[in-house]
Ligand SMILES: [Zn+2]
């Protein structure tokens with residue numbers, strides 16, 4: 001018989017509260033045997049500060065340093081990077097979950113999987129390699145190559161699957177058109193995306209599937225928490241590995257949100273004990289759904305996948321706006337290319353949104369403006385620009401400029 005989740009949670013708490021100095025400090029002042037719910041949700045900057053005070057690895061370590069075999073770090077786009085260590089056992093856990101996700105997408109022995117990553121210090125690249133080994137598929141690293149070189153390699157080796165960000169999948173398609181390399185993507189049957197909300201946004205997914213002639217899947221993971229989300233092949237969006245993670249969806253006051261509402265995903269991985277995060281605030285925004293997915297899968301279903309990041313959210317005229325919702329509208333307009341969102345304040349101090357989009361012409365700009373009004377209830381100034389003028393990205397896109405702070409400081 002498998003252990004219940006309560007047992008697993010109890011075992012995790014007992015282990016890390018006994019051996020891990022960082023976690024022990026978190027429960028100082030609580031009962032001798034606190035429950036998980038008594039712990040304050042943990043933010044990344046608490047781990048970062050601990051690491052700065054106790055360099056180079058901090059005190060969130062359950063075992064002696066020589067037990068750890070893997071070092072990765074977060075991207076540090078919103079603050080200093082965090083170093084995260086894994087033991088061989090924890091790394092095997094990553095491998096197992098990643099392999100399961102690949103299995104769900106249909107990757108199997110005989111597949112050749114092109115990895116359009118730079119292979120830096122982020123966990124994603126190395127976990128993908130591990131997962132592919134476990135599955136028995138061939139990994140084709142495409143680090144250090146231009147997009148055209150990547151396309152040629154995909155064609156020459158006959159890659160059957162591609163892993164990248166959704167932004168980059170669309171970029172690769174664009175380069176294929178520009179370089180007359182459309183044929184290069186023909187062998188690709190699956191595009192497995194992560195790193196951005198895109199692959200769970202219906203219009204983005206449709207565009208990837210049409211452009212690349214392949215099925216598009218989403219999955220999700222974090223260096224700090226592990227690979228927690230795998231795609232629902234029946235209903236879209238993601239499932240959370242419920243046997244492996246305690247999953248909560250909390251509002252800004254850290255109370256559970258109501259069904260149908262958006263909240264921050266807070267995770268406790270139950271079996272990654274070397275660098276444990278208990279009630280970790282992922283910063284990922286998801287919708288709490290009570291329904292089973294259309295296929296009746298057991299694990300918790302996040303119908304829209306990751307719909308945004310808490311630090312992406314912008315309040316415009318009292319409304320919560322996520323760049324991913326704007327992206328969904330842009331991708332719904334035929335002929336729309338790259339885009340850039342600028343939040344600014346007008347002379348009266350009113351918040352405004354400017355959306356520069358590569359569009360064929362004025363009618364499409366009006367269509368997009370109308371879509372935005374209907375779907376988001378948002379008045380947006382759409383500025384059509386010529387194809388190719390906005391910056392392209394190889395990984396996660398940076399498409400948002402918030403000028404409101406500077407506008408205010410000038411006022
Ligand atoms: Zn499902």
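The values are calculated or read from the model by the stated rules, or taken from the named source; none is laboratory data. Just so it is clear, the model here is predicted, and its values are computed rather than measured. All Cβ positions, glycine included, derive from the backbone under ideal geometry; neighbour counts span all protein chains shown.
General remarks:
- Options 264, 327: the member that is assigned to a helix (DSSP H, G or I) and buried (at least 16 other Cβ atoms within 10 Å of the Cβ): 327
- Filter result for residue 207 (over 18 Å from residue 301 (Cα atoms) and within 16 Å of the ligand (Cβ to nearest atom)): no
- Residue 383 surrounded by 13 or more Cβ atoms within 10 Å (Cβ to Cβ) and at pLDDT 80 or above: yes
- Within the stretch 225-261, the set of residues being assigned to a loop (DSSP other than H, G, I, E, B), under 19 Å from residue 322 (Cβ atoms) and within 16 Å of the ligand (Cβ to nearest atom) comprises 236, 237.
- Counting only residues that are under 15 Å from residue 270 (Cα atoms) and more than 27 Å from the chain's Cα centre (by Cα), the stretch 21-37 holds 1 of them.
- Enumeration of residues in the stretch 6-25 that are surrounded by 20 or more Cβ atoms within 10 Å (Cβ to Cβ), in contact (Cβ under 8 Å) with a residue 40 or more places away in the chain and in a helix (DSSP H, G or I): 12, 13, 16, 23
- Going through (1) within 27 Å of residue 210 (Cβ to Cβ); (2) modelled with pLDDT under 95; (3) within 16 Å of the ligand (Cβ to nearest atom) one by one, residue 292 falls short only on (1).
- Counting only residues that are away from the ligand (no atom under 14 Å from the Cβ) and either surrounded by fewer than 18 Cβ atoms within 10 Å (Cβ to Cβ) or more than 30 Å from residue 399 (Cα to Cα) (or both), the stretch 295-311 holds 2 of them.
- Here residue 401 qualifies as touching a strand residue (DSSP E or B) at 6+ places or on another chain (Cβ under 6 Å), surrounded by fewer than 15 Cβ atoms within 10 Å (Cβ to Cβ) and at pLDDT 85 or above.
- Which listed residue is over 20 Å from the mean Cα position of the chain (by Cα) and surrounded by fewer than 18 Cβ atoms within 10 Å (Cβ to Cβ), from 137, 155, 159: 155
Every residue, every condition in (1) closer than 30 Å to residue 62 by Cβ; (2) in contact (Cβ under 8 Å) with a residue 24 or more places away in the chain; (3) surrounded by 14 or more Cβ atoms within 10 Å (Cβ to Cβ), yes or no:
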| position | (1), (2), (3) |
| --- | --- |
| 240 | yes, yes, yes |
| 244 | yes, yes, yes |
| 248 | yes, yes, yes |
| 254 | yes, yes, yes |
| 260 | no, yes, no |
| 282 | yes, yes, yes |
| 319 | no, yes, no |
| 322 | no, yes, yes |
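- Number of positions in the stretch 330-370 that are closer than 28 Å to residue 284 by Cβ, surrounded by fewer than 20 Cβ atoms within 10 Å (Cβ to Cβ) and touching a residue at least 40 places away in the same chain (Cβ under 8 Å): 6
- Matching entry among 364, 338, 352 (being more than 16 Å from the ligand (Cβ to nearest atom), within 25 Å of residue 168 (Cβ to Cβ) and more than 23 Å from the chain's Cα centre (by Cα)): 364
- Matching residues, the stretch 119-156, being more than 24 Å from residue 93 (Cβ to Cβ) and touching a strand residue (DSSP E or B) at 6+ places or on another chain (Cβ under 6 Å): 140, 142, 154
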